[in-house]
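Reviewing the structure listed below.
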Amino acid sequence: MKWVYNLTIACYHLLLIIASPFNSKARRFLEGRKNWRNTLKDQLENKAEADLIWIHAASQGEYQQGLPIIKELKKTKPDSFLLLSFFSPSGFDAFDQNEHVDAVTFLPLDYPKNVSAFIDLVKPKVAVFVKYEFWYNYMIELYRQKVPLLLISSIFRPDQMFFHSMGKFYLNALKLTDHFFVQDEHSAALLHHHGIDQVTITGDSRLDQMLSIKEEVWTDDRVESFIGESLVIICGSIWPSDWDCLKRVIQQFSDIKVIIAPHEVSQEALTLYGGVRWSQYADEAGDLLLIDQVGSLKYLYRYADIAYVGGALRGAVHNTIEPAVYNIPIVIAEHTKNSKFNEVMDLKDHGGLVTFEDEDELFRIFEELIQDASKRKEMGQSNLDYVMRNSGATEKVMQKLQEYL
């Protein structure tokens with residue numbers, strides 16, 4: 001079945017080529033990988049004889065899961081060379097070059113020739129893949145070249161391809177991984193059931209990262225001027241589908257301030273949401289502030305009394321850990337795919353996160369939370385307690401990772 005996998009990669013590549021003249025994301029995906037060998041070779045020039053540690057994340061969310069590990073590696077192995085790769089253009093483009101990594105690149109598509117060329121060039125001492133990055137040819141080649149592979153913050157479910165009868169070849173490649181750091185007991189049990197015992201339950205490393213961000217000193221005069229003494233609802237990572245519901249509900253409340261942080265900050269999206277733009281704010285009157293720059297939401301939540309997290313109406317709710325660390329209640333849309341996100345279900349089970357089915361229910365939830373400060377405090381404390389109980393993944397990963405360095 002390996003040929004089917006490789007054919008799927010080829011078909012995906014072909015679809016990107018066909019779509020690229022009309023789709024900016026497809027175009028960016030391909031452009032970012034042009035001449036990747038020469039681009040990467042240039043970045044590796046100052047590597048010298050340092051051990052290279054390769055960390056791979058799909059996009060920005062997975063990078064946030066890997067970041068606590070990256071920071072610890074830079075602290076404990078300052079002479080090592082850290083290479084970060086992204087699959088998604090949005091992850092690569094949102095990356096803010098910092099002191100924690102020495103080079104950043106797009107991951108070449110998972111063709112056997114690409115893979116062998118990439119690993120031959122990079123020569124990693126160890127590879128660390130984040131969450132769902134299970135690339136068959138990369139796993140095989142890393143094993144062939146005797147490069148240890150660790151998977152961190154992973155989640156496994158019975159419906160994944162490895163556990164189907166036709167996915168046995170993929171499961172065999174998965175078994176070559178040197179160690180799995182999984183988020184929950186269900187994932188560990190599933191791996192054990194399929195003969196994989198090199199497993200440690202660590203929880204989600206994003207919790208460590210968000211606790212670190214919470215402790216950073218961060219203020220914004222524009223936001224503070226905008227909100228004054230009002231109660232604040234921050235709607236984070238929202239899409240037009242979220243706004244269709246939110247705008248009609250929010251209009252029914254007075255004496256509150258609303259901060260909108262769209263998932264995409266294109267000109268078209270910003271025009272849709274209206275309000276006063278954050279980058280242009282100068283003490284204007286108004287009840288809606290539009291965040292028109294990326295990267296600040298994880299800090300902005302500290303100003304919120306209530307958080308609405310977008311994406312669930314599309315079947316992929318965004319980061320609920322970001323607001324949870326600031327001990328505030330969280331509201332998201334109900335969706336069957338919410339169950340894919342462990343933290344969402346856990347926060348909901350513990351009472352700090354609520355879901356709505358329609359506009360009427362969203363109105364009732366907002367109305368109760370706006371009027372009942374004790375309810376907000378109770379739900380917020382539940383969220384913070386969850387974060388504190390489940391933090392500490394970084395230390396567990398680092399203890400094992402040191403064995404390979």
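Listed by position, the strands (runs of 3 or more DSSP E) contained in region 288-375 that have at least 2 residues being in contact (Cβ under 8 Å) with a residue 60 or more places away in the chain are 306-309. Here Ser116 passes the criteria (1) among the polar types (S, T, N, Q); (2) buried (at least 17 other Cβ atoms within 10 Å of the Cβ); (3) outside any loop (DSSP other than H, G, I, E, B) except the one numbered (2). Hey, any hits in region 199-220 for a residue that's surrounded by fewer than 18 Cβ atoms within 10 Å (Cβ to Cβ), charged (D, E, K, R) and closer than 30 Å to Ala10 by Cβ? No, region 199-220 contains no residue that is surrounded by fewer than 18 Cβ atoms within 10 Å (Cβ to Cβ), charged (D, E, K, R) and closer than 30 Å to Ala10 by Cβ. Among the listed residues Ser116, Ser165, Ser154, which satisfies the condition of being assigned by TED's automatic domain parsing to the domain that holds Asn35, over 25 Å from the mean Cα position of the chain (by Cα), hydroxyl-bearing (Ser, Thr, Tyr) and over 30 Å from Asn35 (Cβ atoms)? Being assigned by TED's automatic domain parsing to the domain that holds Asn35, over 25 Å from the mean Cα position of the chain (by Cα), hydroxyl-bearing (Ser, Thr, Tyr) and over 30 Å from Asn35 (Cβ atoms) holds for just one of Ser116, Ser165, Ser154, which is Ser165. Selection of helices (runs of 4 or more DSSP H) fully inside region 201-268 by the criterion of at least 3 residues being within 24 Å of the chain's Cα centre (by Cα) returns 206-215, 240-250. When you look at Glu133, is it part of a loop (DSSP other than H, G, I, E, B), farther than 18 Å from Arg37 by Cα and either touching a helix residue (DSSP H, G or I) at 6+ places or on another chain (Cβ under 9 Å) or assigned by TED's automatic domain parsing to the domain that holds Lys175 (or both), yes or no? In short, yes.
Inspect all residues belonging to region 98-110 and state whether any of them is of a type in the set (S, T, N, Q) and crowded, with 16+ Cβ neighbours inside 10 Å. Within region 98-110 (the criterion being of a type in the set (S, T, N, Q) and crowded, with 16+ Cβ neighbours inside 10 Å), the answer is yes, since at least one residue qualifies.
Counting only residues that are surrounded by fewer than 15 Cβ atoms within 10 Å (Cβ to Cβ), assigned to a loop (DSSP other than H, G, I, E, B) and not acidic (Asp, Glu), region 32-49 holds 3 of them. Yes or no: Ile196 outside the structural domain of Asp385 (by TED's automatic domain parsing), of a type in the set (Val, Ile, Thr) and either in contact with a Pro (Cβ under 7 Å, 6 or more places away or on another chain) or not in a helix (DSSP H, G or I) (or both)? Judged against the criteria, Ile196 is a match. Filter region 1-35 down to the residues that are under 13 Å from Pro89 (Cα atoms) and either more than 27 Å from the chain's Cα centre (by Cα) or in contact (Cβ under 8 Å) with a residue 24 or more places away in the chain (or both) and list them by number. Residues satisfying the conditions are Lys25, Arg28, Phe29, Gly32, Arg33.
On the given criteria, is Ala282 under 16 Å from Val223 (Cβ atoms) and either among the hydrophobic types (A, V, I, L, M, F, W, C) or at pLDDT 90 or above (or both)? Yes: the conditions hold for Ala282.
The values are calculated or read from the model by the stated rules, or taken from the named source; none is laboratory data. No experiment lies behind these values; they were computed from the predicted model shown. All Cβ positions, glycine included, derive from the backbone under ideal geometry; neighbour counts span all protein chains shown.
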